[in-house]
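Undergrad: This is the structure, below, for whatever I ask next.
The values are calculated or read from the model by the stated rules, or taken from the named source; none is laboratory data. Because the structure is predicted, anything quoted here is derived from the model rather than measured. Virtual Cβ from ideal backbone geometry, glycine too; neighbours counted across all protein chains shown.
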Amino acid sequence: MARNFKELQEEMSPERRARVEARVHEALKALALDELREARKLTQTQLATLLKVDQGSVSKMERRTDMYISTLRSYIEAMGGALHIRAVFPDGEVQIHQFGDVRGETKGDTMSKTKEELYVERREEGDYAIRRPGSDRASAVLPTQAEAIERAKEIDPNAAIHVERVRETSRGGRDKWRNP
């Protein structure tokens with residue numbers, strides 16, 4: 001007779017339960033893109049809406065074995081994450097910033113940094129998109145301007161964030177940019 005997992009789990013020793021839990025956590029650290037999307041409880045259609053592409057494009061992206069880092073970054077950011085690239089060596093690991101949010105040229109031991117920009121703008125749907133300059137796709141879409149500003153700070157804490165004015169004020173009208 002079939003038994004449910006809870007019954008089996010109750011019969012396990014605490015040590016065995018801990019080992020199973022550890023294996024589950026390890027398995028969640030290495031997921032394919034489609035598994036990651038499903039673990040985040042998103043459908044391809046929902047993610048496509050966030051990325052402003054069709055569902056078929058998300059499907060193709062999930063099957064690719066090679067893609068642009070910017071494409072992968074958009075995919076991860078649309079799910080609310082941030083992409084970090086690191087190199088792992090026997091004697092340690094190094095965060096790679098060449099493809100990240102900080103770009104610059106190495107001069108001796110110092111790095112010349114150019115500040116990235118993020119824009120928080122109101123969409124026709126009434127929610128707020130976070131975009132990088134020149135990007136057609138949103139890094140994230142949130143229901144309120146305040147939430148979008150906070151998310152922009154999480155996406156890139158060093159970025160200059162520009163927020164679209166959504167009402168007339170003494171300092172400027174709609175479609176003018178302000179700092180949060």
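Undergrad: Determine whether the range 84-92 contains at least one residue that is under 26 Å from A159 (Cα atoms) and either in contact (Cβ under 8 Å) with a residue 60 or more places away in the chain or in contact with a His (Cβ under 9 Å, 6 or more places away or on another chain) (or both).
TA: Yes; the residues of the range 84-92 include at least one that is under 26 Å from A159 (Cα atoms) and either in contact (Cβ under 8 Å) with a residue 60 or more places away in the chain or in contact with a His (Cβ under 9 Å, 6 or more places away or on another chain) (or both).
Undergrad: Applying the selection to the range 25-41, what residues are surrounded by fewer than 10 Cβ atoms within 10 Å (Cβ to Cβ) and on the phi < 0 side of the Ramachandran plot?
TA: Within the range 25-41, H25, E26, K29, A30 meet the criteria.
Undergrad: So, one more: Of all residues in the range 40-78 being touching a helix residue (DSSP H, G or I) at 6+ places or on another chain (Cβ under 9 Å), charged (D, E, K, R) and part of a loop (DSSP other than H, G, I, E, B), which is nearest to A138 (Cα to Cα)?
TA: Taking the candidates together, the pick is D54.
Here's the yes/no breakdown for (1) modelled with pLDDT of 80 or more; (2) within 18 Å of the chain's Cα centre (by Cα); (3) under 28 Å from Q44 (Cβ atoms):
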residue	(1), (2), (3)
K107	no, no, no
K115	no, no, no
L118	yes, yes, yes
E124	yes, no, yes
R132	yes, yes, yes
V163	yes, no, no
P180	no, no, no
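Undergrad: Taking R63 as meeting all but one of (1) over 30 Å from E125 (Cα atoms); (2) within 23 Å of the chain's Cα centre (by Cα); (3) at pLDDT below 85, write down the number of the exception.
TA: (3)
Undergrad: Could you count how many residues in the range 1-58 are among the basic types (K, R) and more than 30 Å from S74 (Cα to Cα)?
TA: 5
Undergrad: Right, here's the next one. It is to be established whether one or more residues within the range 6-26 are within 29 Å of I96 (Cβ to Cβ), at pLDDT 85 or above and part of a helix (DSSP H, G or I).
TA: No, the conditions are met nowhere in the range 6-26.
Undergrad: Still on this structure: Looking at A48, A30, can you tell me which residue is free of Cβ contacts under 8 Å to residues at least 40 places away in the same chain and under 15 Å from the mean Cα position of the chain (by Cα)?
TA: A48
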